[in-house]
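Data first, discussion second: the structure below is written as structure tokens.
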Amino acid sequence: MEEEKGESTVRHYEALHCSMRCFCLSAPPMKPEKGGDSGGCDHGGGGGGDEEAPREAAAVKKHGGWKSMPFVIGNETFEKLAAFGLMANFMVYLVNKFKMKQVYATNVLNIFSGTANLAPLAGAYLADAYLGRFRTLAFASLASLAGMVVLTLTALLPQLRPPECSHDDAGAGGCAGPSRMHLGVLFTALALLTIGAGGIRPCNVAFAVDQFDAASEKGRKDINTLFNWYYFSFTISMMVALTLVVYIQDSVSWSLGLGIPALLMLFSIIVFFLGTKMYVMVEPEGSVFTSILQALVACYRKRHLDVEKAVYFDPPSSTPKYVLTANLRFLNKAAIVVSEAEITPEGSAADPWRLSSVQKVEELKCLVGIFPIWIAGVLCFIPAAQQGTFSVLQALKMDRRLGTGSFQIPPGSLGVFSLLAVTLWIPIYDRLIVPAARNITNQEEGITLLQRTGIGLVLSVLSMLVSAMVERKRIHAALLHPDINGVAPISVLWLVPQCVILGLAEAFYAIGQIELYYKEFPDHMKSFSGSLLNCAFALSSYLTSLLVSLVRSTTATAKSGGKSWLEDDINRGRVDYYYYLLAVLGGFNLLYFLIVSSRYEYKATARKTDVKIMGAQKGEDEDGKENC
């Protein structure tokens, strides 16, 4: 029971904020020494049999365990504080200091966010196949530090950004935008930050798990405790970044506000390297992407074979195996044995690009089967992308004073309301709603994972409807009471409901998807499955950028006087119409999800297929294997 709570905690941690998550993205658990089978990112599983001893010996020899945690958690805390503090208010920096047009700045931020969320796939591959997690973390941390330093220099040195201009110049359109040199420096900084994200996000949590022996009961308990500390450091970092750091950037100095994350990143690297002699170093062994590609190629090469009365390749293995199932049976062709020459005397495939094992085929089926469900997340995360762009622009044109004093809420701090909503909702859901629903539905989770995902999609649509109504009210107030700065006499707290609903939508959808992937994918692919949500957010960021450009170009008609819904001056546009459009797209996405989810088969109910097996371990109980 305690292990389940620990696993639930990390799933909640991973799903809080997609755009800045540190998912455990690395591929299969790596071996610390020859013959080992532990480590990696397998939160609760791990190895077995004769391979536990080498892992234990390696852990004792190279320390690891809690002695190394102050360095690893210290690195994680400082890195997250630096990353969150940098990105929370970045839209304001691009518009106010870099003099970018609002739509252009939106596209820059969306493309950067998408690329930073796709980069961990490459980082996970390099770490697992070539560099190892320690080296990947080291190089990536240095790249992040370099990117933050360059970005800080753009705020510190006037020649690296467009010149300041008066309000009159801005109103007359006389402010100079960024030159090619300015953009070159900015994009160099963002490229370095992307490289850093690509290496840090897939490896940080996995590297921490490597320090414990997941094959032992004590090691699994320690891993659960580790995730509790990670959740704590994550929450603290997020709160400090969205409040203190953002306030310094908005009200004190951008040089100081960007310099603090860079300084924290430097501390993070120092702390990380101080613990070098205490770490368990897991050697790179290979990536899950290779086995998936091999199964696809083998399936294509044997596409003309008949799956009926075929003999399948299922070699013995020390890790948990899966029986061949009847769903997506065309993929079974990859494991068909055509001749004995395809199998070596040692019992392995002579050419893995022509013959895959049943295990690899079932792992591929898990990925193919979950893909239609995953697609629904791309549109679901588009509303989340607005929180860092158009919601910030709305806040800039609203009354941000808190009470009667002079303190103003920074626009980039509004995301804290989403975080608070998720943080408060999770214990209520786990302790009250799930037990009550369990008594009604007889489901272990209270409601199924796909039902939870569907609720998230509904809330996502609702958040856009509320956003549209609030924006309509804001525009109306701005037009009735024109201000020299274009600020509408309406409190910024009107944006809180949409932030709360969006946070709840993410809590239902993202956490539901993480748990679905965790339970449906085999142990060998659990860490890879964590990257799927990051990929969905990445594609949603790219799609948002494309959608913004299309809406801007298609709505600027002669009938509207050449004005589009998404004007650079938000008071001249109709962002509320854009929100309604996103709500409509979300409705179609919900309908699509209902169709594909109704056809989805959970792995526990997958049908086995009666086949002839070649290479099965003697005496193996086929009925004891799990389904995928």
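Things to note:
- Pairs with Cβ under 7 Å, 6+ apart, first in segment 519-544 and aromatic (F, W, Y) and buried (at least 24 other Cβ atoms within 10 Å of the Cβ), second part of a helix (DSSP H, G or I) and at pLDDT below 85: F528/V288; F537/C18; F537/S19
- Some residue of segment 123-144 being out of contact with any strand residue (DSSP E or B) (no Cβ under 6 Å at 6 or more places or on another chain), modelled with pLDDT under 90 and over 23 Å from F207 (Cα atoms): no
- Flag for P178 being in a loop (DSSP other than H, G, I, E, B), over 26 Å from the mean Cα position of the chain (by Cα) and without any contact (Cβ under 8 Å) to a residue 40 or more places away in the chain: no
- Residue list for segment 347-376, restricted to those being among the β-branched types (V, I, T) and under 13 Å from A335 (Cβ atoms): V358, V361
- In segment 444-491, residue nearest to the chain's Cα centre (by Cα) [restricted to those that are open to solvent by less than 30 Å² (accessible area, probe 1.4 Å), among the small types (G, A, S) and more than 14 Å from I511 (Cβ to Cβ)]: S463
- Flag for K519 being basic (K, R) and part of a loop (DSSP other than H, G, I, E, B): no
- Of all residues in segment 337-353 being open to solvent by 50 Å² or more (accessible area, probe 1.4 Å), among the hydrophobic types (A, V, I, L, M, F, W, C) and within 39 Å of the chain's Cα centre (by Cα), the one that is modelled with the highest pLDDT: W353
- Within segment 399-436, the residues that satisfy the criterion of being open to solvent by 50 Å² or more (accessible area, probe 1.4 Å) and assigned to a helix (DSSP H, G or I) are F417, L420, L424, W425, P427, I428, D430, R431, L432, I433, A436.
- Filter pass, V205 being assigned to a helix (DSSP H, G or I) and open to solvent by 10 Å² or more (accessible area, probe 1.4 Å): no
- Set side by side, the residues L364, L393 differ, and just one is closer than 24 Å to Y600 by Cβ and either in contact (Cβ under 8 Å) with a residue 24 or more places away in the chain or touching an Asp or Glu at 6+ places or on another chain (Cβ under 6 Å) (or both), which is L364.
- Within segment 578-628, the residues that satisfy the criterion of being outside any helix (DSSP H, G or I), at pLDDT below 60 and either of a type in the set (D, E) or over 24 Å from V368 (Cα atoms) (or both) are A616, Q617, K618, G619, E620, D621, E626.
- Scan segment 229-245 for residues that are aliphatic (A, V, I, L, M) and crowded, with 22+ Cβ neighbours inside 10 Å and the total you get is 4.
- With respect to the conditions (1) aliphatic (A, V, I, L, M); (2) open to solvent by less than 10 Å² (accessible area, probe 1.4 Å); (3) out of contact with any Cys (no Cβ under 9 Å at 6 or more places or on another chain); (4) under 14 Å from P383 (Cβ atoms), L516 falls short on a single one, namely (4).
Here's the yes/no breakdown for (1) in a loop (DSSP other than H, G, I, E, B); (2) aliphatic (A, V, I, L, M); (3) in contact with an Asp or Glu (Cβ under 9 Å, 6 or more places away or on another chain); (4) open to solvent by 20 Å² or more (accessible area, probe 1.4 Å):
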residue	(1), (2), (3), (4)
Y247	no, no, no, yes
D250	no, no, no, yes
L258	no, yes, no, no
L264	no, yes, yes, yes
E283	yes, no, yes, yes
R303	yes, no, no, yes
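- Residue match in segment 556-563 (condition: open to solvent by 10 Å² or more (accessible area, probe 1.4 Å) and either closer than 30 Å to C203 by Cα or in a helix (DSSP H, G or I) (or both)): no
- Test: residue in segment 391-398 that is hydrophobic (A, V, I, L, M, F, W, C) and part of a strand (DSSP E or B): yes
- Test result for S268, among the polar types (S, T, N, Q), open to solvent by 30 Å² or more (accessible area, probe 1.4 Å) and on the phi < 0 side of the Ramachandran plot: no
Rundown of residues vs (1) under 25 Å from C203 (Cβ atoms); (2) of a type outside the set (K, R); (3) in contact (Cβ under 8 Å) with a residue 12 or more places away in the chain, yes/no style:
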| site | (1), (2), (3) |
| --- | --- |
| T243 | no, yes, yes |
| A262 | yes, yes, yes |
| L266 | yes, yes, yes |
| F273 | yes, yes, yes |
| M281 | yes, yes, yes |
| Y322 | no, yes, yes |
| R329 | no, no, yes |
| V337 | no, yes, yes |
| P345 | no, yes, no |
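- Scanning segment 412-452 for residues that are among the small types (G, A, S), at pLDDT 85 or above and touching a Cys at 6+ places or on another chain (Cβ under 9 Å) turns up S418, A421.
For every residue, the table says whether it meets (1) among the charged types (D, E, K, R); (2) open to solvent by less than 10 Å² (accessible area, probe 1.4 Å); (3) assigned to a helix (DSSP H, G or I).
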{"site": "A116", "(1), (2), (3)": "no, yes, yes"}
{"site": "A119", "(1), (2), (3)": "no, no, yes"}
{"site": "A124", "(1), (2), (3)": "no, yes, yes"}
{"site": "R135", "(1), (2), (3)": "yes, no, yes"}
{"site": "S141", "(1), (2), (3)": "no, yes, yes"}
{"site": "G147", "(1), (2), (3)": "no, yes, yes"}
{"site": "T152", "(1), (2), (3)": "no, no, yes"}
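- Residue within segment 92-111 that is part of a helix (DSSP H, G or I), more than 30 Å from L547 (Cα to Cα), open to solvent by 30 Å² or more (accessible area, probe 1.4 Å) and without any contact (Cβ under 8 Å) to a residue 40 or more places away in the chain present: no
- Of the criteria (1) touching a residue at least 40 places away in the same chain (Cβ under 8 Å); (2) more than 30 Å from I370 (Cα to Cα), which one P497 fails: (1)
The values are calculated or read from the model by the stated rules, or taken from the named source; none is laboratory data. The structure presented is a predicted model; accordingly, all values stated were derived computationally and were not measured. Backbone-built Cβ (ideal geometry, glycine too); neighbour counts: all protein chains shown. Heavy atoms of the whole protein, side chains included, go into the accessibility calculation; ligands, DNA and RNA do not. Shrake-Rupley method; radii C 1.70, N 1.55, O 1.52, S 1.80 Å.
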